[in-house]
Each structure stands twice: as C-alpha cells, then as structure tokens.
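The structure appears right after this line, and notes come after that.
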Amino acid sequence: MPTTLDKHQEIIGRMMKGLVDSGLEKIGFGDHMALEFLGLNTDQDAPKNSEIADVVSWMISEGLIRSDAGPDQSYWRMGGGFLFPGLQLTSKGLAALDVIRSQEEKLSHQIDKPKGELSPATYTKLGSLIGGILGGFTKSIG
C-alpha cells in the first residue's frame, strides 16, 4: 500500500512528465483538467484537488516550476477548485531532470514514453529522485 508521500511523489513525477511534454510553453493547470494532465482516471484512487494543488505549490516554492499567479501566491483558489496560470519548467527543474537522466539512464528513456505507458511506480521513483536532488542541492548551498 503506497504511503501519502509515495502518492505525492507520483504526482511530482507525473507533473514533470506533463511539463516536459509541453517544453517551455506556459500552460494553465486547473482542477478541471488535472487528472487528465496527470494521466489518471477518476475511477482510480485519484488524489483530491487539495492534494494536487499542495504538491504543485510545493514544486513552485522549491523552484522546479513557476506560475504566473502573482508574486505572493502560486495559484488562484476558485470555489473548491484551483487554477495555476502560466505553469512552466524553470532552469532548476530542467537541471533536476538532467541529473536524473545522467544518473538513471533507464528512467530517462521511460520518461520519454507517451503518456499512459509509464507505471505509477516509475512516476513515484521520478518524484523521489527530484526530492533527493533538491535536498542535496539545498545541503550543498546551506
């Protein structure tokens, strides 16, 4: 049974995959399309909107991605939903992916597969690697 952290790392991996597929094009990311963007179905054990928004906010605060929501917020709350306007990979996010590709060649080949061909475990591994890279980066400058 996956832990909550495993589920959140899977969201990180799926977000990075979706943003890699978008290149550096800014995208609007909201609750209305989040599950489809993440390659999840509503019949799966899908994460709640609040979980997705919290994970994406964390990715923004860690500098992996940016949002056009404004300087003091990463997204707009809309009723029970959310909208992250202008999401885009940052140079730090791209660097994290480069480190993963050099350390885990097998994983980098897998991330280039079309959406839907990756297993949840692969997304979780990707999210875990990104978290480890950010932790190592913070330690090296701290």
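The values are calculated or read from the model by the stated rules, or taken from the named source; none is laboratory data. Here the structure is a predicted model, which is why all the values come from computation and not from measurement. Note that each Cβ is placed from the backbone with ideal geometry, even for glycine, and that neighbours are counted across all protein chains shown.
Some observations on this one:
- Any hit, region 28-37, residues being part of a helix (DSSP H, G or I), charged (D, E, K, R) and touching a residue at least 40 places away in the same chain (Cβ under 8 Å): no
- Identity of the residue in region 62-89, assigned to a loop (DSSP other than H, G, I, E, B) and buried (at least 17 other Cβ atoms within 10 Å of the Cβ), that ends up modelled with the lowest pLDDT: SER74
Residue by residue, here is whether (1) at pLDDT below 75; (2) among the β-branched types (Val, Ile, Thr) holds:
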| residue | (1), (2) |
| --- | --- |
| LEU97 | no, no |
| ARG101 | yes, no |
| GLY116 | yes, no |
| ILE130 | yes, yes |
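- All positions within region 7-33 that are touching a strand residue (DSSP E or B) at 6+ places or on another chain (Cβ under 6 Å) and among the acidic types (Asp, Glu): ASP31
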